[in-house]
1. From the list (i) 38, 18, 16; (ii) 24, 22, 20; (iii) 31, 25, 16, can you say which value of semi-axes √(5λ) of the Cα gyration tensor in Å was derived from the structure given?
2. Using Cα pairs under 8 angstrom and six or more residues apart, how large is the relative contact order of the range 40-118, in percent?
3. 7 Å from Cα along Cα→Cβ at both Asp215 and Gln8: what's the point-to-point distance in nm?
4. When the solvent-accessible surface of protein heavy atoms is calculated with a 1.4 angstrom probe, in what order do Ile243, Ile180 fall, highest first?
5. Could you pull out the GluC sites (Glu not before Pro) across the range 99-191 that fall in loop regions by DSSP (anything but H, G, I, E, B) with no more than 13 other Cβ atoms inside 10 Å?
6. Only four residue types carry charge here, +1 at the Cβ of Lys and Arg and -1 at the Cβ of Asp and Glu. Report the dipole size of the chain about the Cα centre in Debye, rounded to the nearest 20.
7. Mean separation of Cα pairs under 8 Å and 6+ residues apart, divided by the residue count of the range 133-251: what relative contact order is that in percent?
8. How much accessible area per residue does the chain have, in Å², with a 1.4 Å probe?
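The values are calculated or read from the model by the stated rules, or taken from the named source; none is laboratory data. If you're wondering where the values come from, they're calculated on a predicted model, not measured in any experiment. Because the Cβ atoms are built from the backbone with ideal geometry, glycine has one as well, and the counts that use them run over all protein chains shown. Just so you know, the surface numbers come from the protein's heavy atoms only, side chains and all, with ligands and any DNA or RNA stripped out. Shrake-Rupley method; radii C 1.70, N 1.55, O 1.52, S 1.80 Å.
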Amino acid sequence: MKRIESAQNPTYKEWHKLLRRKSREKAGLYLIEGPHLVGEALKEPGVVHTLIFNESKAYKEWDEYDIPKIQLTDSLFQKLSTTETPQGVLAVCRLQSVAPPETAKRFLLIDRVQDPGNLGTLIRTADAAGMDAVYLGAGTVDLYNQKTLRSAQGSHFHLPVVQQPLEQVLEDLKKKGIPIIGTSLNGQRLEDIEGPMASAFALIVGNEGEGVHPDILAMTDMNVKIPIFGRAESLNVAVAAGILMYRLRGI
């Protein structure tokens, strides 16, 4: 296995740049960390570009993969890691652009969510709820932020996650006859919705502080809200989205 011991190594310097969004977009590559995420990536053909190990750990079960493998000193590995306790493996992955299938009927649309942990949890919950695709509107935090990826726990490999202006997405979904459900404090109470919409729907959730933009809400077929029974001011956006996705599925 090739070993890199200097931070001045050209390949290592390119990897370090991937910690920045602009560099990821320019290179078409991003980093993932930890055995679970790397294992999920390896299930997807053509995604993993390079496997990176630190000198203290080895993952022999991945020897079978015909993918370049590089070992780093612990100090160099630490500089690429974004966790307090590195787990010994990173992967350089190729950015993927996967369109939803024509048969897709259930969608989560995300408007300007800023917290990467929230975005990752939204994607993971959409995966668990059996959504067909997730759309990220303008102003939403980067999908390939390390905290986003850790929170998503590999779910971005399981369903299409598409970055596209939501106005355009909504126009396309309306042409297909997909009901558009927004979230708003002025919306209909969740318990007043009659019957499930399990066959098809698009749910829109918005910015942690401002909610869904008024221009987006103006394009919906219905807006809903989750009642607050206690003294909390609001629900976390990912928690609210989970409740709504399962409810709209009829659960």
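1. The listed entry that was calculated here is (i).
2. Numbers: 69 pairs, mean separation 28.6, N = 79.
Contact order relative to length: 36 percent.
3. Inter-label distance under the simple model: 5.0 nm.
4. On the way: Ile243 70, Ile180 0 Å².
Largest to smallest exposure gives the sequence Ile243, Ile180.
5. Within the range 99-191, the qualifying GluC sites (Glu not before Pro) (loop, at most 13 other Cβ atoms within 10 Å) are Glu102.
6. With Lys and Arg at +1 and Asp and Glu at -1, about 420 debye.
7. Once divided by the residue count of the range 133-251, the mean separation gives 27 percent.
8. 50
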